[in-house]
């Protein structure tokens with residue numbers, strides 16, 4: 001091998017440089033960052049034994065972080081969150097939005113805004129539960145629609161079988177009587 005793999009010997013740049021010089025790595029296989037690093041080397045070489053800079057770390061807080069922390073401390077939201085669902089907002093996001101809207105009106109103090117936002121969030125959650133219960137009723141309607149489609153399909157199959165076994169005139173009469181697939185039930189929402 002061209003050089004050691006031990007991170008304490010050299011830097012990643014010097015190791016890749018050694019691999020290129022020794023022929024262990026082809027020039028077309030060199031990393032994208034290699035040419036940029038060679039053109040613009042850092043002021044201080046990034047070595048493992050270099051002491052870390054003594055820079056104080058700043059706390060980054062947003063205004064809504066304090067409100068969200070207060071919400072989670074007093075009322076632990078009991079919900080399952082899907083990171084793939086970008087359409088629905090979480091309870092804490094809804095609460096912060098309500099809180100900011102109330103604060104923008106500026107009529108109440110902080111504690112009253114917080115309590116009012118909690119009440120509005122509870123109403124909103126209750127309303128969403130009612131909508132969820134109405135959606136639970138909808139699958140029953142869907143099963144009725146499915147059974148209607150199934151019966152229409154069976155009638156269509158029977159009419160086709162009778163059409164193939166008998167003359168075409170009786171099947172035309174059956175179609176006029178409404179036997180077959182009901183198109184209105186197919187596209188009913």
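The values are calculated or read from the model by the stated rules, or taken from the named source; none is laboratory data. Small disclaimer: the values here were computed from a predicted structure and weren't measured. Quick reminder, even Gly has a Cβ in these numbers, built from the backbone with ideal geometry, and neighbours come from all protein chains shown.
Can you give me the number of residues within segment 27-65 that are exposed (fewer than 11 other Cβ atoms within 10 Å of the Cβ), at pLDDT 90 or above and under 31 Å from the mean Cα position of the chain (by Cα)?
Summing the residues that are exposed (fewer than 11 other Cβ atoms within 10 Å of the Cβ), at pLDDT 90 or above and under 31 Å from the mean Cα position of the chain (by Cα) in segment 27-65 gives 0.
Given the conditions (1) in contact with a helix residue (DSSP H, G or I) (Cβ under 9 Å, 6 or more places away or on another chain); (2) assigned to a helix (DSSP H, G or I); (3) without any contact (Cβ under 8 Å) to a residue 40 or more places away in the chain, and given that residue 79 satisfies all but one, which numbered condition is not satisfied?
Going through (1) in contact with a helix residue (DSSP H, G or I) (Cβ under 9 Å, 6 or more places away or on another chain); (2) assigned to a helix (DSSP H, G or I); (3) without any contact (Cβ under 8 Å) to a residue 40 or more places away in the chain one by one, residue 79 breaks only (2).
Condition check: surrounded by 12 or more Cβ atoms within 10 Å (Cβ to Cβ), in the same structural domain as residue 124 (by TED's automatic domain parsing) and without any contact (Cβ under 8 Å) to a residue 40 or more places away in the chain. Does residue 17 satisfy that?
So residue 17 fails the test.
Can you confirm whether segment 3-12 contains a residue that is touching a helix residue (DSSP H, G or I) at 6+ places or on another chain (Cβ under 6 Å) and in contact (Cβ under 8 Å) with a residue 12 or more places away in the chain?
Within segment 3-12, one or more residues are touching a helix residue (DSSP H, G or I) at 6+ places or on another chain (Cβ under 6 Å) and in contact (Cβ under 8 Å) with a residue 12 or more places away in the chain.
In the list 111, 100, which residue meets the criterion of being free of Cβ contacts under 8 Å to residues at least 40 places away in the same chain and surrounded by 10 or more Cβ atoms within 10 Å (Cβ to Cβ)?
100
I'd like to check something: does segment 40-62 contain any residue that is out of contact with any strand residue (DSSP E or B) (no Cβ under 7 Å at 6 or more places or on another chain), outside the structural domain of residue 95 (by TED's automatic domain parsing) and part of a helix (DSSP H, G or I)?
no
Assess whether residue 86 counts as being at pLDDT below 90 and surrounded by 10 or more Cβ atoms within 10 Å (Cβ to Cβ).
No; evaluated as a whole, the condition is false for this residue.
Return yes when residue 36 is free of Cβ contacts under 8 Å to residues at least 40 places away in the same chain and outside the structural domain of residue 10 (by TED's automatic domain parsing) and no when it is not. Write out each step before concluding.
Details: free of Cβ contacts under 8 Å to residues at least 40 places away in the same chain: yes; outside the structural domain of residue 10 (by TED's automatic domain parsing): no.
The answer is no for residue 36.
Before we move on, is residue 148 surrounded by 11 or more Cβ atoms within 10 Å (Cβ to Cβ), at pLDDT 80 or above, touching a helix residue (DSSP H, G or I) at 6+ places or on another chain (Cβ under 7 Å) and not in a loop (DSSP other than H, G, I, E, B)?
no
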